[in-house]
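Values in this text are rule-based calculations from the coordinates and carry no lab data. Bear in mind that the values here come from a model prediction, so they are computed numbers and not experimental data. A quick note on method: Cβ atoms are made from the backbone with ideal geometry, for glycine too, and the neighbour counts reach across all protein chains shown.
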Amino acid sequence: MGLFNNLMSKIFGHAAPAAAKGTQTAAAAPTGSGIQTAGATTQPTAAPSPPAGAPTGQPVAAPPAPVVDVAAVLNDMAKKNPEKLDWRKSIVDLMKLVGMDSSLGARKQLATELNYSGDMNDSASMNLWLHKQVLVKLAENGGKVPPELLS
């Protein structure tokens, strides 16, 4: 899903810089003490270290992805854009707002990616379907979309 993933990354990525800070974690090395056996002290043997980047065998829970307020991000982008774009009603304006090609060819490609089954020569119907479907897909992928835009 090239175009949709591109669109989603432009919206979700616009909100990500603040969320990306502080996500690095450091693994603490286990510490051991010597073992006493018959008057001799032996040090525990450490398992060989895995190569850098290799899995350590210990599951690490990924932090939950932050919910992106799609309306807030797009409204913020619209305020900074010199064009008056109505992203809430127009797939063309939404695509323009995030800096994507909004030509009929690009919209047909996006419609194909999202499995549009209608007549692609009826661009008005396709555009209405695309706009709603893009917002639904954003919501399915962790975006917070106002309910009135999903119905």
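Could you tell me the calculated FRET efficiency between Lys96 and Ala71, based on Cβ-Cβ distance and R0 = 22 angstrom, to the nearest 0.05?
Details: r = 17 Å, r/R0 = 0.77.
After rounding, the FRET efficiency stands at 0.80.
Skipping prolines and chain starts, which residues have an amide H placed within reach, meaning under 5 Å, of the one on Lys144, given they are 5 or more residues away or on another chain?
Those lying under 5 Å, H to H, from Lys144 are Val68, Asp69, Val70.
Would you tally the net charge around His14, using a Cβ to Cβ cut-off of less than 13 Å, leaving His14 out, and scoring K and R as +1, D and E as -1?
On the way: positive: Lys10, Lys79, Lys80; negative: Asp69, Asp76.
Net local charge, His14 excluded: +1.
At R0 = 30 Å, how high is the FRET efficiency between Glu83 and Lys132 if r is their beta carbon distance? Nearest 0.05 is fine. Walk me through the numbers before you get to the answer.
Details: r = 22 Å, r/R0 = 0.75.
Efficiency computed from Cβ-Cβ geometry: 0.85.
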